[in-house]
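This report refers to the structure that appears directly beneath it.
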Amino acid sequence: MSRIGKQPIPLPSGVKITRDGDQVKVKGPKGELSMKLQPGIALAEEDSVLSLKLERTDRQGSAMYGLSRALIANMVKGVSEGFSRTLEIQGTGYRANMKGKALELLLGFSHPIEFAVPKGIEIAVETPTRVVVKGIDKQPVGQVAADIRGFRPPEPYKGKGVRYEGEHVRRKAGKSASAAG
């Protein structure tokens, strides 16, 4: 039995959850999200606390129990607070700026990279070397941040590239002059 699935989900004020057949909709101050709920899982809401009940005891039902609880908890957090990922750009001449509705990245290539911002995602360039990706759905926010990082991941010799805030990049030693002798 899943330990995560048993944990209750506190509902902040202003967040409403409705179930339409196998669809669960979460509506809050920042927007609305929905997902398909797996069969064999029931929702119970009382005193602004949501709990999930497992109706089937097979292996598949148990696996979906914890997953469903985590996805619904992320939806509740997304519509009430939102999610964000911060990226840091390091390297001489590396920078980012907004050009209309697109993010322009200068990452040492012969050309600037134009990244079209997907619907439902907001990108803010706080400084030329700091980019914040925001949204209400956790998965697209993480995917957009990973796509931006993927243009120039941090390299281990000089540490140049795009990295997540607080990410530690293990540095390697470069060429050694004593090895030539």
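General observations
- Measuring between alpha carbons in the structure, the pairs from Lys101/Lys158; Lys25/Lys138; Lys16/Lys53; Lys25/Lys53; Lys36/Lys77 lying more than 26 angstrom apart are Lys101/Lys158.
- Just the protein heavy atoms count here, and of the accessible area of the chain at 1.4 Å, carbon and sulfur take up 50 percent.
- Distance (nanometres) between label positions extended 7 Å along Cα→Cβ at Phe151 and Ser13: 4.2
- For region 101-142, averaging the sequence separation of C-alpha pairs within contact (under 8 Å, six or more residues apart) and dividing by the residue count gives a relative contact order of 26 percent.
- Length gained on full extension, Ser176 to Thr127, computed as 0.36 nm times the residue gap minus the Cα-Cα distance: 14.0 nm.
- Charging the Cβ of each Asp and Glu at -1 and of each Lys and Arg at +1, and nothing else, the dipole of region 23-79 about its Cα centre rounds to 240 debye.
- Taking the convex hull of the alpha carbon positions in the chain and averaging its projected area over all directions gives 15.5 nm².
- Computed over the chain with a Gaussian network model linking Cα atoms closer than 10 Å, the most mobile of Glu104, Glu114, Glu55 is Glu55.
- Highest-fluctuation residue, Gly31, Gly166, Gly40 considered, GNM on the chain with Cα pairs under 10 Å: Gly166
- For the chain, modelled as a GNM whose springs connect Cα atoms under 10 angstrom apart, the maximal fluctuation among Glu45, Glu32, Glu81 occurs at Glu45.
- Applying 1/(1 + (r/R0)^6) with R0 = 41 Å to the Cβ-Cβ distance of Ser48 and Thr86 gives a FRET efficiency near 0.85.
- A dipole drawn for region 49-150 from +1 and -1 charges on Cβ atoms has a positive end, and of Gly142, Ser51, Val76 the residue lying farthest that way is Ser51.
The values are calculated or read from the model by the stated rules, or taken from the named source; none is laboratory data. For clarity, every value in this text was computed on a predicted model and none was experimentally measured. Neighbour counts run over all protein chains shown; Cβ positions are idealised from the backbone, glycine included. Note: areas computed on protein heavy atoms with side chains; ligands, DNA, RNA excluded. Shrake-Rupley method; radii C 1.70, N 1.55, O 1.52, S 1.80 Å.
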